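Q: Here you go, one structure.
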C-alpha cells in the first residue's frame, strides 16, 4: 500500500496539476521511494516548460553545488523556454549551506529548482526545513493498484498502443509493482506489440518477465491443485535459472505465512481493507491469496508453514544444505497436500 504523504508535502497528482496550470516556480524538494514516478514528473516538466531543442541550454544539472554556483544557475535567464530548470542531485552539502537555504525564497519566478532526495528528506536539516516553510515539497510514493494500472495503460498509450486493463493487471501480477522495473517491461512489450497495436493478457503471459515471488506463487498453486510434478519442475527451473535455494525457501515461507494470515483474518471476520493494510500488499495480491487459501485447510497451512520455518532455521544454522533442504521441504508439503486430496 502507498504510504501517506507527510503533512508538509503535496502529492504527485497535485504537483502535476500545478504544472498544468503553470503554477510552479521557485525551489522544490522531491522525495519518495518511487524514482520512476519522479523521473516521469521531471520529464513532464521539461516537456511543458522547455522549448524543443533548448534542453541543454535551459536545464542545468548540478551536483552538490556551492551557493554561488546554484544562484548563478537559477538567475540565468531562460534562452527560449518558458522557465529555466535547475536540478540538484545528490543534495549533500547543500543541506547545511546557510546562504543557499536563505536564498531559496528568492529563487526567480523564471526558474524551477528541484532538489532530489530518495525515500525521505530529514526535516531536521536546514534545506528540507526551509523548503517545508515554502510548502514546496512533493512526494513520489508507490502507487496503489488502480493508479498503477492506469499508469501502465497510459505508458502504452504514449507509445500509440491500446492496453487491455486486464493485461495491465496481469503485468503487475507477473512482473511485480516496482514502477522502475515495469517501465522496462512496458518498453519490451511495446516493441513486441507494435505491429498489432494492442497489448493483451496473452501477450503479457508470453513475454513478461516473471518475478521470483510470482514463480513461487505458481509453485504453491501447483501443490494446491495436486500437480506435484509441475511444482517440482518449476522449482528445478528456478534453480537452473540461478535462483538461490535459500531465497526460494524464504519466498515459500513468506507465501505460507501470508496464507495463514488470510485464514486468521477470515476467522476473525476482519474487513477486507484491513487485510491489505496489515499485509502491506496490493488488492490483486490479496485476491490471489484468498483464492488459494480457499482450497486449503487451516491445518495444511499451519503444517506447511511450520515445515518452512523449521527448515529455514536448520539451513541458517548449518544443519543441512540449502538445496537438499528446499527439495525435502517441497516433497513434504506435497505429501501433506496429497494426503488431504486423497
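Q: With the checklist (1) surrounded by 13 or more Cβ atoms within 10 Å (Cβ to Cβ); (2) without any contact (Cβ under 8 Å) to a residue 40 or more places away in the chain in hand, flag the one item residue 111 doesn't pass.
A: Checking residue 111 against (1) surrounded by 13 or more Cβ atoms within 10 Å (Cβ to Cβ); (2) without any contact (Cβ under 8 Å) to a residue 40 or more places away in the chain, the one that fails is (2).
Q: For a quick check of your reading of the model, give me the residue pairs whose first member lies in the range 75-90 and is assigned by TED's automatic domain parsing to the domain that holds residue 58, whose second is in a strand (DSSP E or B) and loosely packed, with under 15 Cβ neighbours inside 10 Å, with beta-carbon atoms closer than 8 Å and at least 6 apart or on different chains.
A: 87/61; 89/61
Q: Which of the residues spanning the range 151-168 are within 23 Å of residue 279 (Cα to Cα) and surrounded by fewer than 20 Cβ atoms within 10 Å (Cβ to Cβ)?
A: Pass one, the range 151-168, residues within 23 Å of residue 279 (Cα to Cα): 168.
If the condition is that a residue be within 23 Å of residue 279 (Cα to Cα) and surrounded by fewer than 20 Cβ atoms within 10 Å (Cβ to Cβ), then no residue fits.
Q: Sticking with this one: Kindly indicate whether residue 33 is over 27 Å from residue 122 (Cβ atoms) and under 31 Å from the mean Cα position of the chain (by Cα).
A: Numbers: over 27 Å from residue 122 (Cβ atoms): no; under 31 Å from the mean Cα position of the chain (by Cα): yes.
In short, no.
Q: Out of 72, 41, I need the residue that is surrounded by fewer than 16 Cβ atoms within 10 Å (Cβ to Cβ), out of contact with any helix residue (DSSP H, G or I) (no Cβ under 6 Å at 6 or more places or on another chain) and more than 19 Å from residue 132 (Cα to Cα). Which one?
A: Working: 41 fails: surrounded by fewer than 16 Cβ atoms within 10 Å (Cβ to Cβ).
The unique qualifying residue is 72.
The values are calculated or read from the model by the stated rules, or taken from the named source; none is laboratory data. Computed from a predicted model, the values in this text were never measured in an experiment. Reconstructed Cβ throughout: ideal geometry from the backbone, glycine too, with neighbour counts over all protein chains shown.
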